[in-house]
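Novice: A single structure is presented below for examination.
Any read-out appearing in this document is the output of simple, stated calculations on the displayed coordinates, not a laboratory observation. As the structure is a computational prediction, the values presented were derived from the model and not from experiment. With ideal geometry, Cβ positions are generated from the backbone for all residues, glycine too; neighbour counts draw on all protein chains shown.
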Amino acid sequence: MNNSVTNTVRLLGAGLRALLVLTLLTGVIYPLAVTGIAQGLFSDQANGSEIASDGRVVGSSLIGQAYSLPLKKGEETPAADLKWFQGRPQNGLGTNGVNARYSLILSGATNRSGDNAELLRWVRDAKAAVVKDNSTADYRIRPSDVPADAITSSGSGLDPDISPRYAGLQARRVAERNGLPVEQVEKLVEDHTESRTLGFMGEPRVNVLALNVALKDLVTKG
């Protein structure tokens with residue numbers, strides 16, 4: 001009997017010690033080490049890849065934002081504020097309203113086939129809107145000028161980047177709306193065009209939030 005109690009107490013003590021040691025290792029030391037390495041070597045990524053403007057964080061370079069006018073009575077979706085560069089279409093889940101305006105409740109694609117009638121209508125309407133919105137008094141956008149990323153949402157619906165071609169297509173409209181020389185806005189796009197990762201992965205891209213922050217600074221200084 002005494003041996004049984006002694007063995008039980010010994011096993012409970014060993015289990016308690018193991019629990020304390022593992023808690024210390026996995027619950028304290030390991031998280032602190034990982035956090036320290038992340039903050040020391042990858043602080044920007046560890047903190048959410050934040051983008052700041054006027055001394056405050058305005059968003060993340062990893063998640064797209066909407067640049068829209070205030071929602072008017074009777075509107076389901078606010079109109080785009082055309083003085084800013086616009087990102088990819090935001091209805092990543094179609095017209096169900098869940099992912100409108102880059103809502104982070106849920107992300108995803110339309111999951112519609114390439115010959116789906118509703119998807120084709122969305123694309124046609126989006127192309128017509130891009131042509132209309134970006135044509136200026138002295139420059140007409142042709143439907144053939146519109147790149148695919150201007151009229152299709154990404155797989156997540158939260159893509160923060162657009163192609164240099166789409167950014168360049170918007171340059172004249174942005175310049176006109178902000179009273180800036182076209183060449184200056186085109187140079188802004190060029191300066192914010194990122195090349196392929198490591199020279200071979202992905203495609204050249206422009207982060208819309210970073211570009212609009214730089215545009216705001218340019219307009220303020222002008």
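Novice: When every alpha-carbon pair in segment 2-44 is counted, what percent end up more than 16 Å apart? Walk me through the intermediate numbers first.
Specialist: Details: 514 of 903 pairs.
That tail contains 57 percent of the Cα-Cα pairs.
Novice: What ³J(HN,Hα) values, in whole Hz, does the Karplus curve 6.51 cos²θ - 1.76 cosθ + 1.60 give for segment 187-192 when θ = phi - 60°, with x put for Gly and Pro?
Specialist: 5, 4, 4, 4, 5, 9
Novice: Take the chain, connect every pair of alpha-carbon atoms lying under 10 Å apart with a spring to form a Gaussian network, then pick out the residue of Gly155, Gly55, Gly15 with the largest mean-square fluctuation.
Specialist: Fluctuation is largest for Gly15.
Novice: For segment 49-221, how many pairs of lysine residues have a Cα-Cα distance under 22 Å, where the two are 8 or more positions apart or belong to different chains?
Specialist: Lysine pairs satisfying the spacing and distance rule in segment 49-221 number 10.
Novice: On to the next question. Would you mind telling me which residue in Leu180, Leu82, Leu20 has the biggest mean-square fluctuation in a Gaussian network model of the chain, where springs connect alpha carbons within a distance under 10 angstrom?
Specialist: Leu20
Novice: Also, I was wondering about something else. Give me the one-decimal Kirkwood hydrodynamic radius in Å for the chain, with the sum taken over alpha-carbon pairs. If you can, show how the numbers build up before the last one.
Specialist: Numbers: mean 1/r = 0.0478 Å⁻¹.
Evaluated on the chain, it is 20.9 Å.
Novice: How large is ³J(HN,Hα), in whole Hz, for each residue of segment 121-137 in order, when computed from phi with the Karplus curve 6.51 cos²θ - 1.76 cosθ + 1.60 and θ = phi - 60°, using x for Gly and Pro?
Specialist: 5, 4, 5, 4, 5, 5, 5, 4, 5, 5, 4, 5, 5, 9, 7, 10, 4
Novice: Another question, if that's okay. Whose amide H sits under 5 Å from the amide H of Gly59, counting only residues 5 or more places off or on another chain, with H placed in the peptide plane?
Specialist: When sequence neighbours closer than 5 places are left aside, the close amide H contacts are Ile51.
Novice: Related question: Taking 7 Å along the Cα-to-C-beta vector as the label spot, tell me the Arg121-Leu19 distance in nanometres, rounded to one decimal.
Specialist: 6.2 nm
Novice: Expressed in nm to one decimal, what extension gain is obtained for the pair Ala148 and Gln45 from 0.36 nm per residue of sequence separation less their Cα-Cα distance?
Specialist: Numbers: separation 103, 0.36 × 103 = 37.08 nm, distance 2.88 nm.
In short, 34.2 nm is gained.
Novice: Under the definition of Cα pairs under 8 Å and six or more residues apart, what whole-number percent is the relative contact order of the chain?
Specialist: Working: 274 pairs, mean separation 39.3, N = 222.
That works out to 18 percent.
Novice: A further question on this structure: GNM on the chain, C-alpha springs below 10 Å: top fluctuator among Ala33, Ala14, Ala148?
Specialist: Residue with maximal mean-square fluctuation among Ala33, Ala14, Ala148: Ala14.
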